[in-house]
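Working notes, structure below.
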Amino acid sequence: MRIKAFSPTIRRKEMDAVLTALVEDSLGPGEYATRLLQVAKEYIGYDYGIPLRSPVFALYYALKALDLPRGSGVVISALSPFYYLQVLEDLGLEPVLVDVEESTGNMSGATIQKGIQQKRAHLSGESLESFTVRACVLHYTLGYVPEIQPILDLGLPLIEDCSRSFGTNIGEQRVGSFGVFTLLGLEERDLFTAGGGCLLYAMNRREGTVLRRWSTLPPEYRLPDVNAAMATVQFKESERNYEKRRAIAEVYTQAALQSRHKRFINPDTAEYNNYCFPLVLQSGAKDVIAYGVKKEVEIALAFQDTVVAHLEKPQDYPVAYSLSLRTVLFPFYPRLSSPMVQKVARLLATLP
């Protein structure tokens with residue numbers, strides 16, 4: 001039986017929650033969305049949050065809350081989700097694309113400074129004089145995290161995207177608590193798979209007061225109860241799912257040590273949340289993916305939905321471009337059975 005690369009974590013509890021919402025005719029935003037906010041606040045401890053229908057809306061309103069002048073520069077990683085570019089364009093903001101560190105797949109303080117310099121080098125005259133970088137959106141690549149302090153030292157207002165890094169701590173501080181605003185996606189490929197949506201929240205009272213401006217958004221912008229019901233169960237099951245992923249990761253890691261391919265690393269102060277199991281290949285992805293087909297294990301390229309995959313000149317960001325061609329993901333989700341885990345482990349140990 002072929003093992004799929006991706007599968008949403010949906011069990012009987014999630015199904016029952018959605019069915020209950022349907023039976024109660026709770027389709028649009030309502031009681032279940034309110035309950036989700038309460039449960040999420042217990043886990044995260046934020047000051048104020050808004051459940052929205054899409055991460056697109058969440059990023060849009062997070063940037064809008066910063067009240068940036070049109071034309072302002074906003075730093076994003078070349079491995080950020082592709083939709084970031086559209087949101088910046090819609091707001092009249094200028095993307096400052098930044099390359100990543102090969103070891104983590106993330107921006108660093110040094111690559112951000114280099115990216116800003118390169119952006120300025122392409123400007124001249126009035127455009128250069130009026131251009132100012134005013135914010136940074138930090139997407140944690142595949143759940144891995146960078147050295148955060150050099151990024152904070154740049155002094156830019158920071159929006160964190162924890163859609164795939166939720167549950168990771170850097171030292172004593174939780175990812176998602178370093179910035180002014182935080183996105184926690186609920187899409188199919190995010191850590192919490194609720195069929196779509198995103199929580200936008202602020203940890204501190206001052207920024208929470210700003211977000212309250214959007215508390216009366218029309219229902220078409222807000223998370224429907226069907227999705228909220230599923231997301232609430234996902235929060236309550238997060239510890240169980242984390243332990244399952246950790247156990248699978250231990251098996252995969254031992255198997256992957258027998259291959260010549262590499263993994264990303266976190267700083268010493270951070271423990272990986274085991275969002276996925278990527279390998280950075282030392283050979284062509286085509287051969288490895290074909291080997292997976294032969295062994296009935298689906299292997300997927302990791303960065304097809306990122307900015308660099310859609311650029312006319314991706315080679316301008318050489319590290320991100322190289323990683324986009326060589327990084328693959330293996331089946332890694334809590335619903336994998338023990339025989340399936342062992343099957344993937346045998347493949348990892350014998351990769352070409």
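Looking at (1) exposed (fewer than 15 other Cβ atoms within 10 Å of the Cβ); (2) acidic (Asp, Glu); (3) more than 24 Å from ARG246 (Cα to Cα), find the lone condition where GLU207 falls short.
Failed condition: (1).
For region 265-297, which residues satisfy the criterion of being buried (at least 20 other Cβ atoms within 10 Å of the Cβ) and on the phi > 0 side of the Ramachandran plot?
Of everything in region 265-297, just one residue is buried (at least 20 other Cβ atoms within 10 Å of the Cβ) and on the phi > 0 side of the Ramachandran plot, namely ASN274.
Can you name every residue in region 282-292 that is of a type in the set (A, V, I, L, M) and closer than 11 Å to LEU347 by Cβ?
VAL288
Can you tell which of ASP305, ASP287 is out of contact with any Lys or Arg (no Cβ under 7 Å at 6 or more places or on another chain), in the same structural domain as VAL319 (by TED's automatic domain parsing) and more than 29 Å from ILE170 (Cβ to Cβ)?
Result: ASP287 is the single residue among ASP305, ASP287 that is out of contact with any Lys or Arg (no Cβ under 7 Å at 6 or more places or on another chain), in the same structural domain as VAL319 (by TED's automatic domain parsing) and more than 29 Å from ILE170 (Cβ to Cβ).
For region 254-264, name all the residues that are outside any loop (DSSP other than H, G, I, E, B) and surrounded by 14 or more Cβ atoms within 10 Å (Cβ to Cβ).
Passing the criteria: ALA255, ALA256, LYS262.
Evaluate region 194-202: report whether one residue or more is crowded, with 24+ Cβ neighbours inside 10 Å and on the phi > 0 side of the Ramachandran plot.
yes
Looking at LEU123, is it surrounded by fewer than 18 Cβ atoms within 10 Å (Cβ to Cβ) and in contact (Cβ under 8 Å) with a residue 24 or more places away in the chain?
When the stated conditions are applied, LEU123 does not pass them.
Taking GLU250 as the residue in question, decide whether it is without any contact (Cβ under 8 Å) to a residue 60 or more places away in the chain and within 27 Å of LEU37 (Cα to Cα).
It is false that GLU250 is without any contact (Cβ under 8 Å) to a residue 60 or more places away in the chain and within 27 Å of LEU37 (Cα to Cα).
Please verify whether region 109-132 includes one or more residues that are modelled with pLDDT of 95 or more, acidic (Asp, Glu) and not assigned by TED's automatic domain parsing to the domain that holds ALA320.
No, there is no match, as no residue in region 109-132 is modelled with pLDDT of 95 or more, acidic (Asp, Glu) and not assigned by TED's automatic domain parsing to the domain that holds ALA320.
Would region 284-299 turn up any residue that is part of a loop (DSSP other than H, G, I, E, B) and modelled with pLDDT under 95?
Yes, that holds for at least one residue.
A quick yes/no check of all residues on (1) of a type outside the set (A, V, I, L, M); (2) touching a strand residue (DSSP E or B) at 6+ places or on another chain (Cβ under 9 Å); (3) under 30 Å from TYR61 (Cβ atoms):
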position	(1), (2), (3)
LEU199	no, yes, yes
GLY208	yes, yes, yes
ARG213	yes, no, yes
PRO218	yes, no, yes
TYR221	yes, yes, yes
ALA229	no, no, yes
ALA249	no, no, no
ASP268	yes, no, no
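Does VAL251 count as modelled with pLDDT under 90 and of a type in the set (A, V, I, L, M, F, W, C)?
Here the answer is no, as VAL251 does not meet what is asked.
Is it true that some residue in region 171-178 is at pLDDT 95 or above and among the aliphatic types (A, V, I, L, M)?
Taking every residue of region 171-178 in turn, none turns out to be at pLDDT 95 or above and among the aliphatic types (A, V, I, L, M).
The values are calculated or read from the model by the stated rules, or taken from the named source; none is laboratory data. The structure displayed is predicted, hence computed values, not measured ones. Note: ideal-geometry Cβ built from the backbone for every residue, glycine included; neighbour counts use all protein chains shown.
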